[in-house]
Each structure stands twice: as structure tokens, then as C-alpha cells.
1. Using amide H atoms built 1.01 Å from N in the peptide plane, name the residues 5+ places from residue 119, or on other chains, whose amide H lies under 5 Å from its own.
2. If amide H atoms are built 1.01 Å from N in the plane of the peptide, which residues on other chains or at least 5 residues away come under 5 Å of the amide H of residue 54?
3. What ranking, highest mean first, results for peptides 101-107, 119-125 when packing means the other Cβ atoms within 10 Å averaged over each residue?
4. May I ask you to list the residues of the range 63-79 whose amide nitrogen lies under 19 Å from a point 7 Å from Cα along the Cα→beta-carbon direction of residue 46?
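Read the figures in this text as sums done on the coordinates, not as results from a lab. Remember, predicted model here, so these are calculated numbers, not experimental data. Cβ coordinates were reconstructed from backbone atoms using ideal geometry, including for glycine residues, and neighbour counts include every protein chain displayed.
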Amino acid sequence: MPLLPYGRRAGFAFVATGSALVLALTVAAPASASHGTVTVTLGEPLLTAPRVSIKDPVDNHCYTVKEVFPDAPAGSTFSSVGNHATTPINAYEGDACSGAPTATSPMGYGMFLGGAPIRSIKILSGP
């Protein structure tokens, strides 16, 4: 079998190395990441209640009232939740994202939920 000139051999090695590098970077990166914010409001009334924006929320994480508002009185609820993140979220009346979600489908980007006693929200995995 004849040997290829050095230039052609180096080219094949470069392509193989580049392909391996792209594959390694693809495997190391997470499958999805949530970008944006989820805004939650504590209690009533909506206009003067404390509000927090969770920047780049963590996928599959359950945020509770006590986690977001550590000084909130026992039994406090989120009076509203606004999703401006790239992944959908579910809101729950139960602590620690327990029970059935308050809405029939996850809240997508730009959706707002208010008027229900929400004790926890879960950031779902992205597509």
C-alpha cells in the first residue's frame, strides 16, 4: 500500500482530531439549560408585595416559598408566578412540588399564573 504524501496525511489527522474535539465538547455540554427569569411574588396585594426574579433557574429544581423568601412567615404562598425562562415550569399548591400541578399544562415562556395559592414551582427540563 503506497504512503500518502505528508500534507494529505496531516490533513486526515487534523480532520479526525477536530471531529473528536467536537464530539467531546458536545458530550460535556448539558442537554439543556434554562435561560431567562422566573418572577415570583409573595402574598397579597400584588402591587406592593415582595417580588423576586430567579435568574437562569436550574432545570428539574423545585423552588419553595422558604427558599426564595427565607424570612416569609410560615404558611406563606406565592401570589403569582411569571415565566420568562426558556424552559416550562409547573406550579404546585403543595410544598416541595408535591401533588398535582395547579395548571393542566406547564407554563411556557411569557405565561403568568396568579390567584391560586402556590407553595412551590418546578423548572422542567428543556427540549
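1. 78, 92, 93, 94
2. Here the answer is 38, 39, 40, since their amide H atoms fall under 5 Å of that of residue 54.
3. Details: 101-107: 15.1, 119-125: 20.4.
Descending mean neighbour count gives 119-125, 101-107.
4. The answer is 77-79.
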